[in-house]
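Working notes for the structure below.
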Amino acid sequence: MNALQIKERGLEFEQLGMLPQDVLDFIYEQQLFKLFTSKELGGKDLDLVEGVKVFQQMSALDGNVGWLITIGTGGNAFIPTFSQDICEKIYMPKEAVIAGSGYPTGIAVKTDGGYYITGQWKYCSGSNYASTFTMNCYIEENGVKTEKIISCSVNPQDVEILNDWCAMGLKATASHTIRVNNVWVPQEATFQLGTIRNNYGDSVHSFPFTTFAEASFLSVCLGITENFLEEATVLMKQRNHDRSWAEHIGSLQFLLMQQQKRYKQYEDQFYTTLSKYWELHQCGDQLSEEDLSQFTQMSKDIAAACLEIANNLIRSLGMDAITETSTINRIWRNLYTAAQHGFLTP
């Protein structure tokens, strides 16, 4: 299969509630879960802006696919934090991909050489095919829960998937709750962002993580909005042959052109800013707190603008807009779901 065929199968993905195996095989073949993984580990070793553009391109084909590639690639951020042996074991396989959660909703009971962990974590996108799960836990020492947090990696056979993802969009992301019960995690299978324990990392991995995440999720929203505008254009062309729309078609086409122009301005703003930050980082300049704060606000503002662009058009798109099996409705629901991520909400 090729990338363009993905675009035609969105309804199939949604009804299945996961990506079919041939799509996963395409992702593995194209190394799309390994965009920021070194070539020695079987990855593409892209720079930050190149990788983020791939997130947008894949999201413009299908929001579910773009979201899952973004989440899967996000797990590449942990590469430097493991010992060389553990890193190679986790990331070397062709089908290697991490799913998990950053929320500390588990308990890790400290013992000699490691931890026994128990808990459950929501919204673990890609849970049905993950080769490794990661999760954060509060550490319990001598029977007392502390405020210290440990990040753990766990094998899929030790994880229960609760199959409870029922959001209105991104239905094929399998973003289910996961549960573990008294699972042993040796010390070497734990990790800490910012700690370097091998030589497989590069400048992407030292880029500020929150800004990396904000850029990643915003690129998904931009890609889905691009897809929405493309589908709106198709529907407008169909209206050209419908007499009942004749007196409105001129104003609708003008509205579409306005939203396309707005979208392009926001897209340019995003990539201009991200490229500037990336260049500063590569030159060894540390981004200031003000820089990071401005990027956060920009990300939230552009995500809100993407929703506004879609909403400005959807009321003018007829019954397709509210028919769940229509392409435009599915794209709209995917956009709203993606933009609801905590990094992008007000």
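Rule-based calculations on the coordinates, nothing more; no lab input. Given the structure is predicted, the values throughout are model-derived calculations rather than measurements. Neighbour counts run over all protein chains shown; Cβ positions are idealised from the backbone, glycine included.
Quick notes on this one:
- Per-pair calculated FRET efficiency, R0 = 22 Å: Gln297 and Lys122 via Cβ, rounded to 0.05: 0.25
- Cα pair distances of the chain binned at 10 Å [whole percent]: 5, 24, 31, 24, 10, 4, 1, 0
- Between Lys148, Lys94, Lys122, the GNM of the chain built on Cα springs shorter than 10 angstrom shows Lys148 fluctuating the most.
- The label point for Thr210 and the one for Glu8, both projected 7 Å from the Cα toward the Cβ, are 4.5 nm apart.
- Those lysines that a straight Cα-Cα span of less than 17 Å connects to Lys34, excepting residues fewer than 8 apart in one chain: Lys44, Lys53, Lys89, Lys94
- Computed over the chain: relative contact order in percent, which uses C-alpha pairs under 8 Å that are six or more apart: 19
- Cα-based shape type of region 167-239, given that a ≥ b ≥ c are square roots of the gyration tensor eigenvalues and the cut on a/c is 1.5: oblate
- Within a Gaussian network of the chain (alpha carbon springs, distance under 10 Å), most fluctuating of Thr195, Thr73, Thr37: Thr195
- Full-stretch length increase - Val234, Leu162 - with 0.36 nm per residue and alpha-carbon distance subtracted: 22.0 nm
- Antiparallel bridges, percent of DSSP beta bridges restricted to region 98-191 (to nearest 5): 75
- Region 207-338, dipole about Cα centre (Lys/Arg Cβ +1, Asp/Glu Cβ -1), debye to the nearest 20: 620
- Averaging the Cα positions of each part gives two centres, and for region 32-93 and region 193-223 these lie 10 Å apart.
- Build a GNM of the chain with springs between Cα atoms under 10 Å apart, and of Ser151, Ser125, Ser59 the one that fluctuates most is Ser151.
- Prolate/oblate/rounded call for region 16-58, Cα gyration tensor, a/c under 1.5 rounded: oblate
- Note on region 207-325: Kirkwood radius taken over Cα pairs, Stokes-Einstein applied at 25 °C and 0.890 mPa s, translational D equal to 152 µm² s⁻¹.
- In this simple spin-label approximation, Gln84 and Gln253 carry label points 7 Å from Cα along the Cα→Cβ vector, and these lie 6.4 nm apart.
- Cα convex hull volume per residue for region 1-135 (Å³): 115
- A simple spin-label model places pseudo-atoms 7 Å from Cα toward Cβ; at Gln187 and Asn155 they are separated by 2.1 nm.
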